[in-house]
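The values are calculated or read from the model by the stated rules, or taken from the named source; none is laboratory data. Small disclaimer: the values here were computed from a predicted structure and weren't measured. For neighbour counting, all protein chains shown are included, and Cβ atoms are generated from backbone atoms with ideal geometry for every residue, glycine included.
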Amino acid sequence: MPTDIRLDIGFWAHPKTVKLERRLGLAGVKALLVLWTWVAQNRPSGRLDGLSVEDLEISAGWSGEEGQFVSALTTLHWLDLDDGVCSAHGWSEHQPWIVGSEARKLKATRAATARWGNAPSIPGAFSENAPSIPGAMPLSLPIHSPENIPPTPRPESSGNMSLGEAGAPDAKPAPRAKAKPDAKGPRPAGCTPKSWARYETISRGFHKAKAQELGNQAPFSEAKVIDGARALDALIRVRNYPENEVVATLGWSTEDPFWRVNLRSIRALLKTSASNGELKYSNVLAAMVRDLEHRRAQGAANG
């Protein structure tokens with residue numbers, strides 16, 4: 001996920017900014033900047049399909065008269081309307097790094113999957129006492145080729161923008177159904193026996209390795225194996241993250257100096273980070289993408 005946006009040094013003296021301040025005050029300019037940061041996080045392409053006037057103003061933190069903010073932005077061409085489709089004006093020109101963030105993430109995820117996503121999935125950080133992961137016992141995961149790995153689902157609403165149509169802003173995804181345990185055992189209802197066996201295998205190897213590396217800070221137990229398998233089911237089946245991506249992210253975390261110590265269970269991936277409100281899995285994935293981008297840049301510089 002992008003962590004910043006570009007702001008032209010001439011922004012404050014630009015005639016459109018001056019006019020926006022005259023019409024709405026500094027609160028209007030602040031709301032424009034807030035909207036841009038929201039777009040960078042949630043609509044990196046700059047397209048705002050499916051959002052109503054109310055949605056946009058909520059996303060911008062605008063607390064003035066309803067419709068006034070969006071009306072000013074469209075009049076001043078901070079927002080473009082093309083055949084009913086709304087978009088941030090000049091977004092791809094002024095924010096090329098953000099527009100390309102999804103493509104870079106996909107490229108890095110493919111690279112991670114090629115290294116860590118293939119059976120036995122978790123790299124050689126695991127010792128011989130955890131044979132379910134390191135190499136003695138492959139997981140037989142249905143691995144896709146790196147060229148065909150799907151990106152992490154981050155759908156943008158389709159359809160034309162309907163100005164004035166009420167709707168909930170999509171800054172936060174709708175709550176997803178929780179994985180419910182099967183009444184006859186620990187396997188969640190809806191999770192196939194074959195998938196459950198894979199998740200248990202991954203979880204057992206991961207938590208055995210953590211116990212060996214961290215000792216009493218991450219003790220091993222069969223209960224933790226089951227809990228980790230349920231967490232994998234929640235990430236992959238319920239939340240629709242690609243299985244190869246999840247496994248690759250876990251594998252990368254076992255080699256990263258920070259996460260190998262601070263990620264002590266698979267269940268922790270489902271927690272919400274207190275620092276940025278994101279799912280911890282999203283933070284680990286983002287860290288992996290940044291690390292691989294850095295490695296690629298270093299390789300290019302050294303090559």
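For the condition among the small types (Gly, Ala, Ser) and over 30 Å from Val284 (Cα atoms), what is the one hit in Gly10, Gly61, Gly46? Steps first, please.
Details: Gly61 fails: over 30 Å from Val284 (Cα atoms); Gly46 fails: over 30 Å from Val284 (Cα atoms).
Result: Gly10 is the single residue among Gly10, Gly61, Gly46 that is among the small types (Gly, Ala, Ser) and over 30 Å from Val284 (Cα atoms).
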Output for segment 228-252, where each listed residue is touching a His at 6+ places or on another chain (Cβ under 9 Å) and either more than 25 Å from Arg295 (Cβ to Cβ) or at pLDDT 90 or above (or both):
Gly228
Do we find a residue being in contact with a Gly (Cβ under 7 Å, 6 or more places away or on another chain) and either assigned by TED's automatic domain parsing to the domain that holds Thr192 or under 23 Å from Asp4 (Cβ atoms) (or both) anywhere in segment 224-234?
no
Go through segment 1-29 and give me each residue that's farther than 20 Å from Glu66 by Cα and of a type in the set (Lys, Arg).
Arg6, Lys16
Pairs under 7 Å by beta carbon, first residue at positive phi in segment 208-236, partner outside any helix (DSSP H, G or I) and basic (Lys, Arg), six or more apart or different chains?
none
Only unsatisfied item for Arg43, checking (1) at pLDDT 80 or above; (2) over 22 Å from Thr17 (Cα atoms); (3) over 20 Å from the mean Cα position of the chain (by Cα), is (3)
Which pairs turn up if I take residues in segment 260-279 that are over 16 Å from Gln212 (Cα atoms) and look for partners that are in a loop (DSSP other than H, G, I, E, B) and modelled with pLDDT of 90 or more with beta carbon separation below 9 Å, at least 6 apart in sequence or on another chain?
Leu269/Leu263; Leu279/Lys271
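Of all residues in segment 22-53 being in contact with a Pro (Cβ under 8 Å, 6 or more places away or on another chain) and assigned to a helix (DSSP H, G or I), which is farthest from Asp82 (Cα to Cα)?
Selected residue: Gln41.
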If you check Val261, Val225, Val247, which single one turns out to be of a type outside the set (Lys, Arg), surrounded by 20 or more Cβ atoms within 10 Å (Cβ to Cβ) and under 23 Å from the mean Cα position of the chain (by Cα)?
Val247
Check on Pro242, assigned by TED's automatic domain parsing to the domain that holds Arg187, within 16 Å of the chain's Cα centre (by Cα) and within 29 Å of Cys191 (Cα to Cα):
yes
Sort out for me the helices (runs of 4 or more DSSP H) sitting completely within segment 189-303 that have 2 or more residues that are under 30 Å from Trp38 (Cβ atoms).
243-253, 259-262, 280-302
Pairs where the first residue, in segment 239-258, is aliphatic (A, V, I, L, M) and the second is modelled with pLDDT under 90 and not in a loop (DSSP other than H, G, I, E, B), C-beta under 6 Å, 6+ apart:
Val247/Gly117; Ala248/Ala112; Ala248/Thr113; Ala248/Trp116; Ala248/Gly117
Give Leu270, Leu292 a once-over and let me know the one that is modelled with pLDDT under 85, in contact with a helix residue (DSSP H, G or I) (Cβ under 6 Å, 6 or more places away or on another chain) and either assigned by TED's automatic domain parsing to the domain that holds Ile202 or more than 19 Å from Arg239 (Cα to Cα) (or both).
Leu292
